[in-house]
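A short worksheet on the structure shown next.
The values are calculated or read from the model by the stated rules, or taken from the named source; none is laboratory data. Treat the numbers as computed from the prediction; the structure is a model and nothing was measured. Positions of Cβ are backbone-derived with ideal geometry, glycine not excepted, and every protein chain shown enters the neighbour counts. The accessibility values were calculated without ligands, DNA or RNA, using every heavy atom of the protein model including side chains. Shrake-Rupley method; radii C 1.70, N 1.55, O 1.52, S 1.80 Å.
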Amino acid sequence: MENEIILATFAVTFLRFAQAVFSNGRGPPPRTAITKNDMPPKRTWGEIGTRLATMSWDEIRTRGLQEIRKRLDTSAYRLGIDPCPVLPRGAAQPTGNFFFSTDERSQIIALLRHRLPHVNADIIRRAEQICEHRFDLLGYRNIQHGQEIDWHLDPIRGKSAPRNPWYQIAFLDINQVGDHKLIWELNRHQHLVTLGKAYCLTEEERFLSELFREWRHWQRENPYPIGINWASSLEVAFRALSWLWVRFLLPSFPEACEPDWSRALMLSARHIEDYLSTYFAPNTHLLGEGVALFAIGTLYPQLPSASRWKERGWQIVLRGAERQVRSDGVHIEQSTYYHVYALDLFLHARILAARNNIQIPSALDEKIQKMLDALRMMAQAGCAPRFGDDDGGRVLDPLRNRPKHMLDPLSTGAALYGRADLKAASPGLTEETLWLLGPKGVARFDELVAAVPAIESVALQASGLYIMASSEPFPRRLIIDAGPQGTGNSGHGHADALSIQISFNGRDWLTDPGTFCYVSRTNERNLFRGTAAHNTLQVDDRDQAVAGTPFVWTAQPEVSVERWSKGKTFDLFLGKHTGYCRLPDSVLHRRWVFNLRSRFWLVRDVAEGTGEHKLDLFWHFAARVDDPQIGENAASFKPVDGDRLLLLTSEEHGWSEKMRADRVSPCYGNEEPSLTAHFSTRKRLPAEFVTLIAPASVTGKLTQWEETRNQAIIRAYRFCGGGERHDMVFGDQDGFWRLGPWMGDARFMYSGFSRSGRQHLIFCAGSFLEFDGNRIVSFKHQVEWFEWSSTRAAGEFNCSDASALTQLHLPILVPNPVD
């Protein structure tokens, strides 16, 4: 009989285990309400066998043990068995070093009042709101929770998750639980930290009373392992970190609360360790869990298993820095928010380790500084781009979740590493820097002379982010996403290959739409992460990638960069992706971007293939960029305050064009009205579309050279206006070409003339150039780039390989080039 029970238990566990691994590492196949077609198909036993064959023995063992533990935990609960051992005498109080000592806490409070009075006032305002059970969560404001908080409730949709064992709750099923993100955000208990800070600032007992009242109520309403708030180890980690902050924030923690507080942390650490996301979400999920394990083990070394938690958590952090950050410093999720979120976690763990005399490997500091550098370079015009999902997660203050807050880590990084360039790019001293590094950190920050580095174009090649930046007439930045969609199933990546974003002088102009939601009863998840929501080309109304469940793309494009040239006065990018090669009539999208610094960007989109296809090109403007002024082949836009942006298209392009009302999501759960310029056509391929983007002070008209309209080798465009003429020639095939007075073999050529007499010549991937039958420049072999500029009095040339130059004869090419 006993053997039959064991076999039955094993069989049930195996079936549950099989169910848990059949969704590409994202846990049980989620029942979403996005659309019927998004429902995961039932797996056959053949597919089950195939999936198991791809798993390592360690993954099978880990997942199998987790399935057994879940059922043992539930049985223990039903039998009334306490999941935590009794604490040894004197083990309740923490003995590790937090980010600040008791004396430093008093100094931080004083600095907070003096240096950041607006933050001080906001903490108190938010704490008063929390006492009334009104919460600001993610992008939602003033959510009412009534007299008694329902910790399992999505108050927006009025859904309360069932009180079942956590692993039996389909948390992605909006019909059953509502939006799990909104439930979990309150249960991270970061608002308890706000109450603790408000008490420190005011010494008003009402904040302290509310803090402990809510904490005890949560413990009663969330017995282990029941409910949705145990369903994610990362959420347990966030909550544990909040409890640690509360414990060390309060000037005199109630002695009577110590045992319960310590046991709650011990239970959290046990759960995190048992259900680490090693094979579920081994990126930021695992990193956050590792940071929490490390922090609990470090600050409570006297607890049973503390040394193991500390060591295991620290190793997860170190491995995370090695595996989750690309060589150029960008996080592998290919999302700005996740980059900042991971950077927060690395900084917290690194600073806490140093406070406890743990040796910091140089490799960790190098990776953190690379991440800081990548963030600084992406934000050279004053704001960070918005690639990929916005999870809304921040480690200390959850409401620092807007695009303008993404540069916060630069402040901490500047003070930690003594980096004046990071200080110059940061938003200034932040509250987080104050708490993490204390008065000494503030002093180091103040001592740094903010050295503003030169704005420059740069390629973050490992992540495929190409940045075209210049400082004249004001800081501006265009960034191209030519990297992988993410990692694995790219759960937080968007179908945005070759998409661009533009910012001018600290303000977004062309933007990514954000995330808005993960689950919904309509199709918002796919709409916001789909190709049509990004500044790129869409073919036949399809996304570049094939969407599966909310965190899975079942097919992704391969993106490759064919050319990146960075000269003294220009940048040139050429990339392609295979997202539409899966169509019956295969289509390849190529995008050229030419940056004539201080003047304009020219974007050329080419759809290569056969057959007739529908082509759509979108330009999505940021919120509050409106007031469109529409002209023939031109439109300009103006934010509430600031300069206009010009969008100019080639005359007689033949595509339909319209300006439509749209929306962007600045943070999860929130949306704002915006505008989108939409160009569309249906035609036989190949086909192309050219857009010139510039400050509205640059005026003129854009035309295609008539003689190149039907050529297969080259295309050429001319932009004239304001006493200037700019010609751009694109070589679509290798070999010689002729165009008017020009002959050469370059894949790209630019010539510019102004009424003042200045002439400017650029070519890329070429070996010679002739004008009116005269050889004006020649090289031994093809060079990456060459440029020459001249007035009637002087000239200057620059080249990627000057040693290959064999001839340079550049007279005044056209006496009176501009009418």
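I'm checking my understanding of the structure. Among residues of segment 77-121 that are open to solvent by less than 40 Å² (accessible area, probe 1.4 Å), among the aliphatic types (A, V, I, L, M) and over 35 Å from the mean Cα position of the chain (by Cα), which one is modelled with the lowest pLDDT?
Taking the candidates together, the pick is Ala91.
Does segment 132-172 hold any residues that are under 25 Å from the mean Cα position of the chain (by Cα) and part of a loop (DSSP other than H, G, I, E, B), and which are they?
Keep residues of segment 132-172 that are under 25 Å from the mean Cα position of the chain (by Cα), which gives 136-141, 171-172.
Within segment 132-172, Leu138, Gly139, Phe171, Leu172 meet the criteria.
Met377 - would you say it is more than 30 Å from Tyr300 (Cβ to Cβ), part of a helix (DSSP H, G or I), at pLDDT 95 or above and under 21 Å from the mean Cα position of the chain (by Cα)?
Values: more than 30 Å from Tyr300 (Cβ to Cβ): yes; part of a helix (DSSP H, G or I): yes; at pLDDT 95 or above: yes; under 21 Å from the mean Cα position of the chain (by Cα): yes.
Yes; evaluated as a whole, the condition is true for this residue.
Only one of Ser751, Ser767 is of a type in the set (S, T, N, Q), open to solvent by less than 70 Å² (accessible area, probe 1.4 Å), farther than 23 Å from Ser598 by Cβ and at pLDDT 90 or above; which?
Values: Ser751 fails: farther than 23 Å from Ser598 by Cβ.
One residue alone meets the criteria, Ser767.
Being crowded, with 24+ Cβ neighbours inside 10 Å and not in a helix (DSSP H, G or I) is the filter here, so list the residues in segment 314-331 that pass it.
The answer is Val325, Gly329, Val330, His331.
With a cut-off of at least 1 residues that are more than 25 Å from the chain's Cα centre (by Cα) and of a type in the set (Ser, Thr, Tyr), name the helices (runs of 4 or more DSSP H) lying wholly within segment 221-313. Outline the logic, then answer.
Working: elements: 233-249, 258-274, 284-299.
Because the criterion is at least 1 residues that are more than 25 Å from the chain's Cα centre (by Cα) and of a type in the set (Ser, Thr, Tyr), the helices (runs of 4 or more DSSP H) in segment 221-313 that meet it are 258-274, 284-299.
Tell me, yes or no, whether segment 397-406 has at least one residue that is part of a helix (DSSP H, G or I) and touching a Phe, Trp or Tyr at 6+ places or on another chain (Cβ under 8 Å).
Initial filter on segment 397-406 (part of a helix (DSSP H, G or I)): 403-405.
Pick out the ones that are also touching a Phe, Trp or Tyr at 6+ places or on another chain (Cβ under 8 Å) and you get none.
The answer is no, given that none of the residues of segment 397-406 is part of a helix (DSSP H, G or I) and touching a Phe, Trp or Tyr at 6+ places or on another chain (Cβ under 8 Å).
Residues Ile714, Ile762: which one is crowded, with 20+ Cβ neighbours inside 10 Å and modelled with pLDDT of 95 or more? So that I can check it myself, show each step before the final result.
Working: Ile714 fails: modelled with pLDDT of 95 or more.
Exactly one of Ile714, Ile762 is crowded, with 20+ Cβ neighbours inside 10 Å and modelled with pLDDT of 95 or more, namely Ile762.
List the pairs whose first member sits in segment 682-694 and is over 17 Å from Glu651 (Cβ atoms), whose second member is open to solvent by 60 Å² or more (accessible area, probe 1.4 Å) and not in a strand (DSSP E or B), and whose Cβ atoms are under 9 Å apart, counting only residues at least 6 apart or on separate chains?
Close Cβ pairs satisfying both conditions: Lys683/Gly654; Arg684/Thr610; Leu685/Asp585; Leu685/Thr610; Pro686/Thr610; Pro686/Ala712.
When the residues of segment 549-580 are narrowed to those that are among the small types (Gly, Ala, Ser) and over 26 Å from Ser470 (Cα atoms), which ends up least open to solvent (accessible area, probe 1.4 Å)?
The first filter runs over segment 549-580 and keeps only residues among the small types (Gly, Ala, Ser), leaving 555, 560, 565, 567, 575, 579.
Adding the requirement that they be over 26 Å from Ser470 (Cα atoms) leaves 555, 579.
On the way: Ala555: 40, Gly579: 4 Å².
Among them, the one singled out is Gly579.
Quick grid of which residues meet (1) over 26 Å from Glu612 (Cβ atoms); (2) touching a Lys or Arg at 6+ places or on another chain (Cβ under 9 Å); (3) in contact (Cβ under 8 Å) with a residue 60 or more places away in the chain:
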{"position": "Ser697", "(1), (2), (3)": "yes, yes, yes"}
{"position": "Trp705", "(1), (2), (3)": "no, yes, no"}
{"position": "Ala716", "(1), (2), (3)": "no, no, no"}
{"position": "Glu724", "(1), (2), (3)": "yes, yes, yes"}
{"position": "Phe730", "(1), (2), (3)": "no, yes, yes"}
{"position": "Trp737", "(1), (2), (3)": "yes, no, no"}
{"position": "Gly740", "(1), (2), (3)": "yes, no, no"}
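Among the numbered criteria (1) modelled with pLDDT of 90 or more; (2) part of a helix (DSSP H, G or I); (3) among the hydroxyl-bearing types (Ser, Thr, Tyr); (4) surrounded by fewer than 17 Cβ atoms within 10 Å (Cβ to Cβ), which single criterion is violated by Thr74?
Failing condition for Thr74: (4).
Considering (1) under 18 Å from Ala469 (Cα atoms); (2) basic (Lys, Arg); (3) at pLDDT 90 or above, say which one Arg525 fails and leave the rest.
In the conditions (1) under 18 Å from Ala469 (Cα atoms); (2) basic (Lys, Arg); (3) at pLDDT 90 or above, Arg525 misses (1) alone.
On the basis of being without any contact (Cβ under 8 Å) to a residue 40 or more places away in the chain, under 24 Å from the mean Cα position of the chain (by Cα) and open to solvent by 40 Å² or more (accessible area, probe 1.4 Å), does Val546 make the cut?
On the way: without any contact (Cβ under 8 Å) to a residue 40 or more places away in the chain: yes; under 24 Å from the mean Cα position of the chain (by Cα): yes; open to solvent by 40 Å² or more (accessible area, probe 1.4 Å): yes.
Yes, satisfied.
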